[in-house]
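Peer 1: Would you mind keeping the following structure in view while I ask a few things?
The values are calculated or read from the model by the stated rules, or taken from the named source; none is laboratory data. Everything numeric here is computed off the predicted structure, so don't read it as measured data. Counting neighbours? That spans all protein chains shown, and the Cβs are built from the backbone with ideal geometry, glycine included.
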């Protein structure tokens, strides 16, 4: 893609004279100088310089970073060519049939932020047409907005991880080896041109596989999952487990952050690979894992078995509760979730601590040793707690 100086300056939000000054100062190593045309990599580099100047970085600091290869991200421009926005919000609304307010809500939900006066391009129009088709098919609006939020958060995390991992395992080693800026940019460009385009087909295949799994789980769940009798949409009766590592904070001080992070990663992997079919990890927060399952007896039995197989420190501690929750945006909310989180905080290393609701639902399949009524933080009434063990 060949560009003019005026186009490059416009894309960077600056003037041609400023771009010429940056080139003369040696800040844009990808551009050989006039009369050569500009390419995408050099234009991307100019945009990065413009952002750094907006943040107050000096030209000397930018020059040093550019020379060392720290700004070698021109490959992005080749993978995602710049498009000029040529549609107003009102024009996009007329073309797609979506109300302007709905478009703004959708963009906010997926994480694109406030549209303001930003013009929309052809990719925006394609995305909005797909959204309109989903709604025209009769998909409920409230569910559509929740899915938009879930997709936006998940894909943003995936994109962030992709860029950070390329930086940590490709970009940083090249800089440490003393590879110059231009060669660094070329090597990263060659690698990412081959790897990044594979992200979409990989995601589609994974998504299809998981969709198949959860469709089957949903069908089975109609037989096994208790729907809350209140009739409120999105309310379910589920088993909730929280698991974390006892003494994790002390471990970080003793081992250091990197080794402690490896321990957490192995712990989460063991939880994930050992869960019963009807349960899954909803989220991880530091060393803590939240698991939700349809079958309370199955999840409680998993927790006891999981603990019995742990021998090395730090030992996990697990809290399990059973109750009605609100399902929204791919997550679970409500008083019962908070109670499950408080239960694990009262467990000792190697213990499975459960509430009376779990003990009552599971019955004699496990042995429950009562420890009495305990005041949990944030709850006015005491909660009956039990240590769950194999029968």
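Peer 1: Residues that are over 30 Å from residue 262 (Cα atoms): find the strands (runs of 3 or more DSSP E) completely inside the stretch 272-391 holding 2 or more of those.
Peer 2: 316-328, 367-374, 383-389
Peer 1: So if I check each of 340, 365, 345, 357, which one is touching a residue at least 24 places away in the same chain (Cβ under 8 Å), in the same structural domain as residue 245 (by TED's automatic domain parsing) and surrounded by 20 or more Cβ atoms within 10 Å (Cβ to Cβ)?
Peer 2: The unique qualifying residue is 340.
Peer 1: How many residues does the stretch 154-180 hold that are out of contact with any helix residue (DSSP H, G or I) (no Cβ under 6 Å at 6 or more places or on another chain) and over 30 Å from residue 283 (Cβ atoms)?
Peer 2: The qualifying residues number 7.
Peer 1: Return yes when residue 236 is surrounded by fewer than 20 Cβ atoms within 10 Å (Cβ to Cβ) and assigned by TED's automatic domain parsing to the domain that holds residue 344 and no when it is not.
Peer 2: Judged against the criteria, residue 236 is a match.
Peer 1: Test residue 324 against the stated conditions and say whether it is in contact with a strand residue (DSSP E or B) (Cβ under 9 Å, 6 or more places away or on another chain), in contact (Cβ under 8 Å) with a residue 60 or more places away in the chain and surrounded by 16 or more Cβ atoms within 10 Å (Cβ to Cβ).
Peer 2: Yes; evaluated as a whole, the condition is true for this residue.
Peer 1: Given (1) at negative phi; (2) under 29 Å from the mean Cα position of the chain (by Cα), identify the lone condition not met by residue 358.
Peer 2: (2)
Peer 1: Among the residues of the stretch 113-133 satisfying the criterion of being surrounded by 14 or more Cβ atoms within 10 Å (Cβ to Cβ) and touching a helix residue (DSSP H, G or I) at 6+ places or on another chain (Cβ under 8 Å), which is modelled with the lowest pLDDT? Explain how you work it out, then say what you get.
Peer 2: First pass over the stretch 113-133, keeping only residues surrounded by 14 or more Cβ atoms within 10 Å (Cβ to Cβ): 115, 118-121, 124-125, 127-129, 131-132.
Filter once more, so that each one left must be touching a helix residue (DSSP H, G or I) at 6+ places or on another chain (Cβ under 8 Å): 115, 120, 124-125, 128-129, 131-132.
Details: 115: 84, 120: 91, 124: 92, 125: 94, 128: 95, 129: 95, 131: 95, 132: 95.
By that ranking, first place goes to 115.
Peer 1: Yes or no: residue 146 crowded, with 16+ Cβ neighbours inside 10 Å, in contact with a strand residue (DSSP E or B) (Cβ under 7 Å, 6 or more places away or on another chain) and not assigned by TED's automatic domain parsing to the domain that holds residue 30?
Peer 2: Answer is yes for this residue.
Peer 1: Only one of (1) out of contact with any strand residue (DSSP E or B) (no Cβ under 7 Å at 6 or more places or on another chain); (2) more than 20 Å from residue 363 (Cβ to Cβ); (3) touching a residue at least 24 places away in the same chain (Cβ under 8 Å); (4) surrounded by 14 or more Cβ atoms within 10 Å (Cβ to Cβ) is not met by residue 297, so which one is it?
Peer 2: With (1) out of contact with any strand residue (DSSP E or B) (no Cβ under 7 Å at 6 or more places or on another chain); (2) more than 20 Å from residue 363 (Cβ to Cβ); (3) touching a residue at least 24 places away in the same chain (Cβ under 8 Å); (4) surrounded by 14 or more Cβ atoms within 10 Å (Cβ to Cβ) applied to residue 297, the lone miss is (2).
Peer 1: Further question on the same structure: Only one residue in 305, 277, 273 is farther than 24 Å from residue 335 by Cα, surrounded by fewer than 18 Cβ atoms within 10 Å (Cβ to Cβ), touching a helix residue (DSSP H, G or I) at 6+ places or on another chain (Cβ under 9 Å) and at pLDDT below 90. Which one?
Peer 2: Within the list 305, 277, 273, the selection yields 277.
Peer 1: How about the stretch 7-50: which of its residues are in a helix (DSSP H, G or I) and exposed (fewer than 12 other Cβ atoms within 10 Å of the Cβ)?
Peer 2: Matches in the stretch 7-50: 17, 24.
Peer 1: Looking at 144, 139, can you tell me which residue is at negative phi and outside any helix (DSSP H, G or I)? Step through it out loud before you land on a result.
Peer 2: Numbers: 144 fails: outside any helix (DSSP H, G or I).
139 is the lone residue from the list that is at negative phi and outside any helix (DSSP H, G or I).
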